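Peer 1: First, the structure itself, so that you have it in front of you.
The values are calculated or read from the model by the stated rules, or taken from the named source; none is laboratory data. Note that this is a predicted model, so its numbers are computed, not measured. Glycine also receives a Cβ, built like all others from the backbone with ideal geometry; neighbour counts cover every protein chain displayed. Accessible surface areas use protein heavy atoms only, side chains included; no ligands, DNA or RNA. Shrake-Rupley method; radii C 1.70, N 1.55, O 1.52, S 1.80 Å.
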Amino acid sequence: MQYRNIFATRQGIIIVGLFIGIVASVLQLLGNPGNMGICVACFERDIAGAVGFHQAKVVQYMRPEIIGFVLGALIAAYIFKEFKPRSGSAPVIRYFLGIFAMIGALVFLGCPWRALLRLAGGDLNAIFGLAGLVFGIWIGTLFLKRGYNLGRSQPVNTAAGWMLPVLMVIFLFLLLIYPEIPGQDKNGVLFFSVSGPGMKHAPVIISLAAGLGIGFLAQRSRFCTMGALRDLILFKQFHLFSGFMALLLAAFISNLLFNQFVLGFENQPVAHNLHLGNFAGMSLAGLCFTLAGGCPGRHLFLSGEGDGDAAIFVLGMITGAGFAHNFSLASSPNGLGQHGIAALVIGFIFSLFIGFAMSRKKV
Amino acid sequence: MSVTIDARGLSCPQPVLLTLNEIRNGNDPQILVLVDTDTSKENVIRAAASQGCEVNVEPSVSGEYRIAIQKDK
């Protein structure tokens, strides 16, 4: 080996996990919603709201963290010569996996990162979400053992690899020319929440810097929460899992220090205590993440490396947020959405079908 | 004898699955794995090393890697 990537070592992944946990806790201290210092699913949902893909008034904000994740990964990929534009591994399936991953996550109210952050903030409902996540990933590993795969990607033109990063640059540009005006629900083309979690956010520059830093480090370390549990189940390998646990531990200690830890099931921020719903929502999300090959955060970092298939999954998640709120599939602190259960059933039918259909003994 | 696994273009965790399957179930003492991302390279090296194999990486053309794995007899 000619040069060594220190972040690909055990210590490296632990450092990155600790960094994300601390930064998330600090972002919450600086204004982000409760136990939502960072939530890839929630923040993509807020972005979907900011551009008007749904009209849930309390969750509309152009989250700079997401923009930073993609651009930070892009910068790291270019510096370390890992920007490799590629695509063509069943993109349309990945798009729908993204849609249902988002719907599942919004029934629980969080991505795997937020599940950890919720637990680190004392929200015991997260235990059911995490159990569901493990269950969904376990189902996914059964398909992987049967030979499930979505086929090979091909090298593509650089322009194709730049599509999602460019979209993020445009989103950032929109946020700069149409900044939030306190008390106003719209500026220019962007929607802004004037109440609810969408209104709560750290200063733009800090959110962006945090996103860039995490995007850079996560690209180097290949940090992935789904991969952490999948590798543990499939290979008994602890590499990514050590980063997963580091995130939980760092956020827990930071929350204690910042007085952000409140233990219990009741009245937790942006959460409900329907255990079966939490379990089932995250099961669907976990299965979709496994079939797509990464957690929502990992898909953003891969998009920054030029992976067009990951970009399609991200666009699927943003689309899924639109469906989730327009069709009343997403949960709220009051409980499940009107059609949340129906959406979960359809999601499971879809993802199990894809699991079986794409399982071949030979690649 | 050696066997070649072409894991180029495959996403996580396929390259590792194929490699481990060959290490555990294959008959050839030498395995050559072709990958095209650094993530796959690191994952395959880590997996093979965890099985006690000797691993050598040769950079190949256009950002691809050839990973030579010598099984522990």
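Peer 1: Give, ordered by residue number, each residue of the range A:1-43 whose 1.4 Å probe accessible area is reduced by a minimum of 20 Å² on adding the remaining protein chains to the chain alone.
Peer 2: At a threshold of 20 Å² (probe 1.4 Å), the residues of the range A:1-43 that become less exposed are A:Met1, A:Gln2, A:Ala8.
Peer 1: Tell me which trypsin sites (Lys or Arg not before Pro) from the range A:171-242 have a DSSP coil assignment and no more than 11 other beta carbons within 10 Å of their own.
Peer 2: Details: sites: A:Lys186, A:Lys200, A:Arg220, A:Arg222, A:Arg230, A:Lys236; in loops: A:Lys200, A:Arg222, A:Lys236.
Answer in residue order: A:Lys236.
Peer 1: What nm distance separates the two modelled labels at A:Lys186 and A:Asn157, each placed 7 Å from Cα along Cα→Cβ?
Peer 2: 3.6 nm
Peer 1: Next up: Once each part is reduced to its C-alpha centroid, what is the distance from the range B:21-40 to the range A:1-59 in angstrom?
Peer 2: Here the answer is 34 Å between Cα centres.
Peer 1: Given a 1.4 angstrom probe, I'd like the percentage of the accessible area of chain A that is carbon and sulfur, rounded to a whole number. It would help to have the intermediate numbers written out before the result.
Peer 2: Details: 9630 of 13380 Å².
C and S atoms contribute 72 percent here.
Peer 1: Then there's this: Name the residues of the range B:12-32, by number, that are at least 40 Å² less accessible with every protein chain in place than in the isolated chain; the surface is that of heavy atoms, probe 1.4 Å, without ligands or nucleic acids.
Peer 2: Buried on complex formation: B:Cys12, B:Pro13, B:Gln14, B:Leu17.
Peer 1: Right, here's the next one. Say R0 is 56 Å: what FRET efficiency, to the nearest 0.05, do A:Leu257 and A:Gln55 get from their beta-carbon distance?
Peer 2: Details: r = 38 Å, r/R0 = 0.68.
The calculated FRET efficiency here is 0.90.
Peer 1: Near A:Leu18, within a Cβ-to-Cβ distance under 15 Å, what is the net charge of the other residues, with Lys and Arg +1 and Asp and Glu -1? It would help to have the intermediate numbers written out before the result.
Peer 2: Values: positive: A:Arg10, A:Arg220; negative: none.
Value of the local net charge: +2.
Peer 1: I've got another one for you. Can you give me the C-alpha center-to-center distance between the range A:269-324 and the range A:145-200, rounded to a whole angstrom?
Peer 2: Going from one Cα centre to the other spans 15 Å.
Peer 1: Which of rounded, prolate, oblate describes the range A:6-357, given a ≥ b ≥ c as roots of the alpha-carbon gyration tensor eigenvalues and a/c under 1.5 marking rounded, otherwise prolate only if a/b is larger than b/c? Display every interim value, and only then the final one.
Peer 2: On the way: a/c = 1.18, a/b = 1.09, b/c = 1.09.
Rounded.
Peer 1: Shifting gears a bit: Count charges around A:Asn35 for me, please; just the other residues with Cβ under 10 Å from its Cβ, Lys/Arg as +1, Asp/Glu as -1.
Peer 2: Summing Lys and Arg as +1 and Asp and Glu as -1 gives +1.
Peer 1: What are the ³J(HN,Hα) values, in whole Hz, obtained from phi via the Karplus relation 6.51 cos²θ - 1.76 cosθ + 1.60 with θ = phi - 60°, for each residue of the range A:104-119 in sequence order, with x given for Gly and Pro?
Peer 2: Using θ = phi - 60°, the values come out as x, 5, 7, 6, 6, 5, x, 8, x, 4, 5, 4, 5, 5, 5, 5 Hz.
Peer 1: Still on this structure: For A:Leu124 and A:Phe327 in the same chain, what is the full-extension length gain: residue separation times 0.36 nm, less their Cα-Cα distance, in nm?
Peer 2: On the way: separation 203, 0.36 × 203 = 73.08 nm, distance 2.81 nm.
My answer for the length gained is 70.3 nm.
Peer 1: Pairs of Cα atoms under 8 Å, at least six residues apart: use those to get the relative contact order of chain B, whole percent.
Peer 2: Numbers: 130 pairs, mean separation 24.3, N = 73.
The value is 33 percent.
Peer 1: What residues have an amide H closer than 5 Å to that of A:Gln154, excluding those fewer than 5 places away on the same chain, when H is modeled at 1.01 Å from N in the peptide plane?
Peer 2: Result for A:Gln154 returns A:Ser87, A:Gly88, A:Ser89.
Peer 1: Give me the summed buried accessible area for the A-B pair, 1.4 Å probe, to the nearest 100 Å².
Peer 2: Details: alone 14380 and 4370 Å², together 16730 Å².
So the total buried area for this chain pair works out to about 2000 Å².
Peer 1: Please state the charge dipole magnitude for the range A:6-357, taken about the Cα centre, from unit charges on C-beta atoms (+1 on K and R, -1 on D and E), reported in debye and rounded to the nearest 20.
Peer 2: Values: 20 positive and 12 negative charges, 146 e Å.
Value, rounded to 20: 700 debye.
Peer 1: How much of the DSSP bridge set in the range B:2-70 is antiparallel, in percent, rounded to the nearest 5? Mind showing how you got there, number by number?
Peer 2: Values: 12 of 17 bridges.
Around 70 percent of the beta bridges assigned by DSSP in the range B:2-70 are antiparallel ones.
Peer 1: Something else about it: What is the percent carbon and sulfur in the accessible area of the range B:2-70, measuring with a 1.4 Å probe over the protein chains and ignoring ligands? List each step's numbers first, then the result.
Peer 2: Numbers: 1220 of 2840 Å².
Solvent-exposed carbon and sulfur of the range B:2-70 make up 43 percent of the total.
Peer 1: In the protein assembly as shown, what % of DSSP beta bridges are antiparallel (nearest 5)? Show your work: numbers first, answer last.
Peer 2: Numbers: 18 of 25 bridges.
Taking every DSSP beta bridge within the protein assembly as shown, about 70 percent pair in antiparallel fashion.
Peer 1: Quick one: of A:Lys81/A:Lys236; A:Lys236/B:Lys41; A:Lys145/B:Lys71; A:Lys145/A:Lys236; A:Lys145/B:Lys41, which pairs are farther than 25 Å apart, Cα to Cα? Please report the intermediate quantities before stating the final value.
Peer 2: Numbers: A:Lys81/A:Lys236 31 Å; A:Lys236/B:Lys41 19 Å; A:Lys145/B:Lys71 22 Å; A:Lys145/A:Lys236 14 Å; A:Lys145/B:Lys41 21 Å.
Beyond 25 Å: A:Lys81/A:Lys236.
Peer 1: Related question: Between A:Ile205 and B:Asn25, what is the label-to-label distance in nm when each label sits 7 Å out along the Cα-to-Cβ direction?
Peer 2: Here the answer is 5.8 nm between the modelled labels.
Peer 1: Residues of the range A:218-339: accessible area per residue at 1.4 Å, in Å²?
Peer 2: On the way: 4000 Å² over 122 residues.
Computed with neighbouring chains in place, this is 33 Å² per residue.
Peer 1: For A:Lys236 and B:Ala68, what does the FRET efficiency come to when R0 = 25 Å and r is the distance between their Cβ atoms, rounded to the nearest 0.05? Could you put the intermediate results ahead of the total?
Peer 2: Details: r = 25 Å, r/R0 = 0.99.
Rounded to the nearest 0.05, the efficiency is 0.50.
Peer 1: Expressed in nm to one decimal, what extension gain is obtained for the pair A:Ile6 and A:Phe356 from 0.36 nm per residue of sequence separation less their Cα-Cα distance? Could the numbers behind the result be given before it?
Peer 2: Working: separation 350, 0.36 × 350 = 126.00 nm, distance 3.81 nm.
My answer for the length gained is 122.2 nm.
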